[in-house]
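**Q** Take this structure, written in structure tokens, and hold onto it; I'll ask about it next.
The values are calculated or read from the model by the stated rules, or taken from the named source; none is laboratory data. Remember, it's a predicted structure, so these values are computed and weren't measured experimentally. Here Cβ is always computed from backbone atoms with ideal geometry, including for glycine, and neighbour counts include all displayed protein chains. Only protein heavy atoms, including side chains, enter the accessible area calculation; ligands, DNA and RNA are left aside. Shrake-Rupley method; radii C 1.70, N 1.55, O 1.52, S 1.80 Å.
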Amino acid sequence: MHVLIVLASDGRRGAEIEGERLGRELSNVEIAVDVVALQPASEHAPRLDVEVLGRSALAPRTLAHLRRRAAHFDIVLAFGSTTLPACALALVGTGVPFVYRSIGDPSRWVRGRLHRERTGALMRRAAHVVALWDGGAAAIGDLYRVSPNRLS
């Protein structure tokens, strides 16, 4: 199995640290894994030692680079908020499934009906959505209409 882990940035923050750590753990059990970031962290932020795909997370060049990289992997694991739209857009038509890992409180993200509908559509493109806690999973199911069989 070949796994591509996608981080929102190369900054040492919650989701990024968790994704980078999972990459190391998978490598330790001899699973082929690459970890990349969509964009660099702010100039003075502590950084992870991972490849950065572009200057801006959702720029067309970044998405094209992600699409090319993902074509060589069996699955993509996405960590961090901007990885959801990036993977949902970049992987359309590739046949490469992606899993989105949510670590925050989904009920705090909602910025109105349109935002909720758009986020729900993106989450439903994922092969699976993983929440940090049971309440987060329940909120994702309720707010974004993610099917319980695609939600952990």
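**Q** Could you list, in sequence order, the residues of segment 14-48 that are part of a loop (DSSP other than H, G, I, E, B) and touching a strand residue (DSSP E or B) at 6+ places or on another chain (Cβ under 9 Å)? Quick ask: steps written out before the conclusion?
**A** Initially, segment 14-48 is screened for residues part of a loop (DSSP other than H, G, I, E, B), giving 29-31, 40-46, 48.
Across segment 14-48, the qualifying residues are 31, 40, 41, 42, 45, 46, 48.
**Q** Being under 18 Å from the mean Cα position of the chain (by Cα) and β-branched (Val, Ile, Thr) is the filter here; which residues of segment 24-76 pass it?
**A** 33, 35, 36, 50, 52, 62, 75, 76 - these are the residues of segment 24-76 that are under 18 Å from the mean Cα position of the chain (by Cα) and β-branched (Val, Ile, Thr).
**Q** Filter segment 53-63 down to residues that are in a helix (DSSP H, G or I) and closer than 17 Å to residue 34 by Cα, then give me how many there are. First the steps, then the outcome.
**A** Initial filter on segment 53-63 (in a helix (DSSP H, G or I)): 60-63.
With the extra rule that they be closer than 17 Å to residue 34 by Cα, the set shrinks to 62-63.
Counting residues in segment 53-63 that are in a helix (DSSP H, G or I) and closer than 17 Å to residue 34 by Cα gives 2.
**Q** Now, a different point. For a quick check of your reading: which helices (runs of 4 or more DSSP H) sit entirely within segment 82-152 and have at least 3 residues that are surrounded by fewer than 22 Cβ atoms within 10 Å (Cβ to Cβ) and at pLDDT 95 or above? Steps first, please.
**A** Working: elements: 83-90, 113-125, 134-144.
Qualifying helices (runs of 4 or more DSSP H): 83-90, 113-125.
**Q** Could you check residue 112 against (1) touching an Asp or Glu at 6+ places or on another chain (Cβ under 8 Å); (2) farther than 25 Å from residue 1 by Cβ and say which number it fails?
**A** Failed condition: (1).
**Q** Which members of segment 2-53 meet the condition of being polar (S, T, N, Q) and within 14 Å of residue 83 (Cβ to Cβ)? If you could, list the steps in order and put the result at the bottom.
**A** The first filter runs over segment 2-53 and keeps only residues polar (S, T, N, Q), leaving 9, 27-28, 39, 42.
Hits for segment 2-53 are 9, 39.
**Q** Go through (1) of a type outside the set (Phe, Trp, Tyr); (2) out of contact with any Ser or Thr (no Cβ under 9 Å at 6 or more places or on another chain); (3) open to solvent by 80 Å² or more (accessible area, probe 1.4 Å) for residue 67 and report which single condition fails.
**A** Only one criterion is unmet by residue 67, namely (2).
**Q** Okay, moving on. When residue 76 is evaluated against the numbered criteria (1) part of a loop (DSSP other than H, G, I, E, B); (2) open to solvent by less than 30 Å² (accessible area, probe 1.4 Å); (3) not hydroxyl-bearing (Ser, Thr, Tyr), which criterion, by number, is the only one it fails?
**A** Result: residue 76 passes all but (1).
**Q** Another question about this same structure. Name the single residue that is nearest to residue 70 (Cα to Cα) among those in segment 1-41 being open to solvent by 80 Å² or more (accessible area, probe 1.4 Å) and at pLDDT below 95. Spell out how you get there, then give the answer.
**A** Of the residues in segment 1-41, the ones open to solvent by 80 Å² or more (accessible area, probe 1.4 Å) are 1-2, 12-13, 21, 24-25, 28-30.
Still in the running and at pLDDT below 95: 1, 12-13, 30.
Working: 1: 13, 12: 23, 13: 23, 30: 19 Å.
The qualifying residue nearest to residue 70 (Cα to Cα) is 1.
**Q** Further question on the same structure: Mind checking which pairs have a first residue in segment 22-42 that is within 15 Å of residue 1 (Cα to Cα) and a second that is of a type in the set (Gly, Ala, Ser) and open to solvent by 30 Å² or more (accessible area, probe 1.4 Å), Cβ under 9 Å, 6 or more apart or different chains?
**A** 26/32; 33/27
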